[in-house]
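Peer 1: Encoded as structure tokens, here's the structure I'll be asking about.
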Amino acid sequence: MTRILVTNDDGVRSEGLRALAEALRPLGEVTVVAPIMEASAIGHALTLRRPLRLETFDDRTYAVDGTPTDCVNIGVITVLRGLPDLIVSGINKGWNLGDDVTYSGTVAGAMEGSMLGAPSLAVSIKRTKTGMDFTYAAAAAVVMAERVLKTGLPPRTFLNINLPEGRPKGFRLTTQARRNHVTSVAEKEDPRGQPYFWIEEGQNHWEPDERSDYQAVMDGFVSVTPLHPDLTNYGALEALGAVEALSLEPPVKVR
Ligand code: MN
């Protein structure tokens with residue numbers, strides 16, 4: 001029996017999670033292990049300084065008071081007692097494109113899956129104020145899940161899938177876009193007169209790139225980016241080669 005583990009970062013109550021689990025059910029036994037509270041932009045965080053509780057939420061649906069990475073570990077080790085055939089994270093309410101994948105709990109869920117050794121996917125759609133439609137994203141998730149279950153993925157590789165608005169024109173294999181960050185931090189005052197700060201999204205300046213995930217969703221395609229946890233910049237090894245010739249003498253005095 002094919003076993004599929006589903007997680008997300010929007011929380012166990014998210015419609016995107018439900019739509020994904022529902023759509024994947026014909027492919028095998030679907031088990032959901034998701035954060036009890038929203039954990040968006042939590043990245044690849046692992047909870048190590050407090051206990052975690054596992055709650056049975058529904059039939060084959062469990063909630064953990066932690067992060068997507070916690071959920072994948074507890075899902076694989078405690079709930080499934082072994083690696084599933086596939087791990088799918090999403091459907092996230094909001095794109096995970098370009099540099100934003102480093103903040104994403106959704107993408108981290110799939111990254112953790114790939115590090116544990118299971119083929120893994122992350123699925124996201126554009127965030128809109130009202131009427132978010134998960135239909136095409138669920139369909140794309142099923143198509144990619146079937147494909148990956150059949151042919152597998154290269155080792156330590158996972159897929160970051162983002163849907164355009166509306167009906168997609170097809171799939172496009174993409175690379176991670178680059179964005180010049182212009183984050184803004186709002187400063188306000190709380191009712192007790194103390195200042196507080198709120199990180200705002202600011203403006204996005206995407207570097208033009210035909211091959212990018214950002215361009216694909218802009219052009220109406222489902223963006224499929226193969227990612228891996230290895231952040232090494234192989235191209236920079238040569239440029240930085242002189243580092244190895246640096247001398248450690250005289251030793252730095254530590255007081
Ligand atoms: Mn989210």
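Peer 1: Report whether or not P155 is in a loop (DSSP other than H, G, I, E, B) and within 28 Å of E29 (Cα to Cα). Quick ask: steps written out before the conclusion?
Peer 2: Values: in a loop (DSSP other than H, G, I, E, B): yes; within 28 Å of E29 (Cα to Cα): yes.
Here the answer is yes, as P155 does meet what is asked.
Peer 1: While we're looking at this one, here's another question. State which residue is farthest from the chain's Cα centre (by Cα) when the search covers only the stretch 60-97 and only residues that are within 19 Å of H181 (Cβ to Cβ) and buried (at least 24 other Cβ atoms within 10 Å of the Cβ). Can you show your working first?
Peer 2: To start, the set of residues in the stretch 60-97 that are within 19 Å of H181 (Cβ to Cβ) comprises 94-97.
Subset that is buried (at least 24 other Cβ atoms within 10 Å of the Cβ): 96-97.
Working: N96: 7, L97: 10 Å.
Per the criteria, the residue is L97.
Peer 1: Another one. Being part of a helix (DSSP H, G or I) and closer than 19 Å to R18 by Cα is the filter; apply it to the stretch 109-136 and report the residue that is nearest to the ligand (Cβ to nearest atom). Full working, then the answer.
Peer 2: Start the filter on the stretch 109-136 by keeping residues that are part of a helix (DSSP H, G or I), which leaves 109-116, 135-136.
If we keep only those that are closer than 19 Å to R18 by Cα too, we end up with 109-110, 135-136.
Numbers: G109: 10, A110: 13, T135: 19, Y136: 18 Å.
Looking at residues that are part of a helix (DSSP H, G or I) and closer than 19 Å to R18 by Cα, I get G109.
Peer 1: Does any residue of the stretch 105-118 turn out to be without any contact (Cβ under 8 Å) to a residue 40 or more places away in the chain, closer than 21 Å to Y136 by Cα and open to solvent by less than 10 Å² (accessible area, probe 1.4 Å)?
Peer 2: Among the residues of the stretch 105-118, not one is without any contact (Cβ under 8 Å) to a residue 40 or more places away in the chain, closer than 21 Å to Y136 by Cα and open to solvent by less than 10 Å² (accessible area, probe 1.4 Å), which makes the answer no.
Peer 1: Would you mind telling me which numbered condition in (1) open to solvent by 70 Å² or more (accessible area, probe 1.4 Å); (2) under 22 Å from T102 (Cβ atoms); (3) not in a loop (DSSP other than H, G, I, E, B) P208 fails?
Peer 2: (3)
Peer 1: State which residue is surrounded by the fewest Cβ atoms within 10 Å (Cβ to Cβ) when the search covers only the stretch 41-59 and only residues that are within 16 Å of the ligand (Cβ to nearest atom) and at pLDDT 95 or above.
Peer 2: First, pick out the residues of the stretch 41-59 that are within 16 Å of the ligand (Cβ to nearest atom): 41-45.
From what is left, the residues that are at pLDDT 95 or above are 42-45.
Working: I42: 21, G43: 17, H44: 18, A45: 15.
The extreme case among them is A45.
Peer 1: Can you confirm whether A145 is within 15 Å of the ligand (Cβ to nearest atom) and open to solvent by less than 10 Å² (accessible area, probe 1.4 Å)?
Peer 2: On the way: within 15 Å of the ligand (Cβ to nearest atom): no; open to solvent by less than 10 Å² (accessible area, probe 1.4 Å): yes.
When the stated conditions are applied, A145 does not pass them.
Peer 1: A follow-up question, please. Could we say that T102 is open to solvent by 50 Å² or more (accessible area, probe 1.4 Å) and more than 17 Å from E15 (Cβ to Cβ) here? Talk me through it step by step, then tell me what you get.
Peer 2: Numbers: open to solvent by 50 Å² or more (accessible area, probe 1.4 Å): yes; more than 17 Å from E15 (Cβ to Cβ): yes.
It is true that T102 is open to solvent by 50 Å² or more (accessible area, probe 1.4 Å) and more than 17 Å from E15 (Cβ to Cβ).
Peer 1: Please work out if L27 is over 18 Å from L116 (Cβ atoms), within 16 Å of the ligand (Cβ to nearest atom) and not small (G, A, S). Break it down into steps so the answer makes sense when it comes.
Peer 2: Values: over 18 Å from L116 (Cβ atoms): yes; within 16 Å of the ligand (Cβ to nearest atom): no; not small (G, A, S): yes.
Criteria not met by L27.
Peer 1: Turning to a different aspect of this structure: More than 16 Å from the ligand (Cβ to nearest atom), out of contact with any Pro (no Cβ under 7 Å at 6 or more places or on another chain), open to solvent by 10 Å² or more (accessible area, probe 1.4 Å) and farther than 30 Å from P208 by Cα: does that describe I36?
Peer 2: no
The values are calculated or read from the model by the stated rules, or taken from the named source; none is laboratory data. Predicted, not measured: the structure shown is a model, and the values here were computed from it. With ideal geometry, Cβ positions are generated from the backbone for all residues, glycine too; neighbour counts draw on all protein chains shown. Keep in mind that these areas ignore ligands, DNA and RNA; they rest on the heavy atoms of the full protein, side chains included. Shrake-Rupley method; radii C 1.70, N 1.55, O 1.52, S 1.80 Å.
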